[in-house]
Structures are given as structure tokens and as C-alpha cells.
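The values are calculated or read from the model by the stated rules, or taken from the named source; none is laboratory data. All figures in this text were calculated on a predicted structure; none of them were measured in a lab. For neighbour counting, all protein chains shown are included, and Cβ atoms are generated from backbone atoms with ideal geometry for every residue, glycine included. These accessible areas exclude ligands, DNA and RNA; they are computed on the full protein's heavy atoms, side chains included. Shrake-Rupley method; radii C 1.70, N 1.55, O 1.52, S 1.80 Å.
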Amino acid sequence: MVMSTIENESLYKKRKEPEHSVSPVTSSDEDSSSDNNSSDDQSDVDITERIDVPDNLKPHVERLRALRNRIAQSTQDNRREVYKEHQRQRENAGEHRRHERKRREAEKLQRRENYTGTDYERSQFKEYSIEQVEKYERKRAKAEANIERG
């Protein structure tokens, strides 16, 4: 069954009308409601900020306050990390590698300039462990074996 848009609108309007009428608030109603809700004035305030917390609830309120602080701190840390990650993604990876390589080369040159001994290369060999040297030698031997001889 297809209904016209006018019929749809009239049905919609009928559904939107309130089912009961609301009486306007008078000044006498306001006075009586404020008397009844005098204790509710502080219920609008967060429990962790209230001063008149019962003694039996104080540990719970302190724990709630600590948890809320922890949530706020973790949210702040998370936003900071998301921002940093976004910045890293925006950077060019090749540019980062190039800067890292230049930094390593600059450190190497600085060490060479600061060296006061007789043979710099020989002093560098002292930094390698026996395992690293053996691994390098095996790698070199394997590479030489794989060379095509024509």
C-alpha cells in the first residue's frame, strides 16, 4: 500500500504529540520542590569533589578519584603517543635513514679526530668480539664461494 506524503506527515505529527499534558510550574511548586531536594543539591556535584562524604565511603571515593586520575593520565599519554606516531608517519622513511647514516658517519669522524693513539684502525678492532669476527669471516667465505667464476 502506497501512502502519499501528506498522509505520512499527518501520521508523523500524530505520533509526535504528547500523550499527556504538562502543567506549568508555579512559584509555589518551585518552593516546595526546593525543600524536598535540599539534599539533592550536592548530588549534582561529583562524589569525589564533595566534602561531606560519609566515613564508610571515603576509601571508595579515594579509589575512584585515583582511578579517574589514572584514566585522565593514560588518555593524555595516549593522545601524545598518537600525535607522535602521526608525525612519524608523515616523515619520509628514506630521509630518516639518510639522517641516521649521516649521524653515524659524523660520530665515526669525531671518534677518529679525538683518537690520540698511533693506529686508529687497530684500536677499532678491539671493539669487535671473537664471535662477531668469526661470523663475519664465515659470511665472507660463503660470499666468495657463491661468486660465479667465468
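In Å², what does the accessible area per residue of the range 43-127 work out to with a 1.4 Å probe? Could you put the intermediate results ahead of the total?
Numbers: 8040 Å² over 85 residues.
Per residue, the range 43-127 has an accessible area of 95 Å².
What net charge do the residues around Gln73 carry, taking every other residue with its C-beta under 15 Å from that of Gln73, with Lys and Arg at +1 and Asp and Glu at -1?
Details: positive: Arg65, Arg68, Arg70, Arg79, Arg80; negative: Asp77, Glu81.
That sum, taken over residues with Cβ under 15 Å, equals +3.
If packing is taken as the average number of other Cβ atoms within 10 Å across a peptide's residues, how do 87-93, 62-68 rank, most packed first? Walk me through the numbers before you get to the answer.
On the way: 87-93: 8.7, 62-68: 12.1.
Result, highest mean first: 62-68, 87-93.
Need one number: nm distance between label points at Gln89 and His60, each 7 Å from Cα along Cα→Cβ, rounded to one decimal.
In this crude label model, Gln89 to His60 measures out at 4.2 nm.
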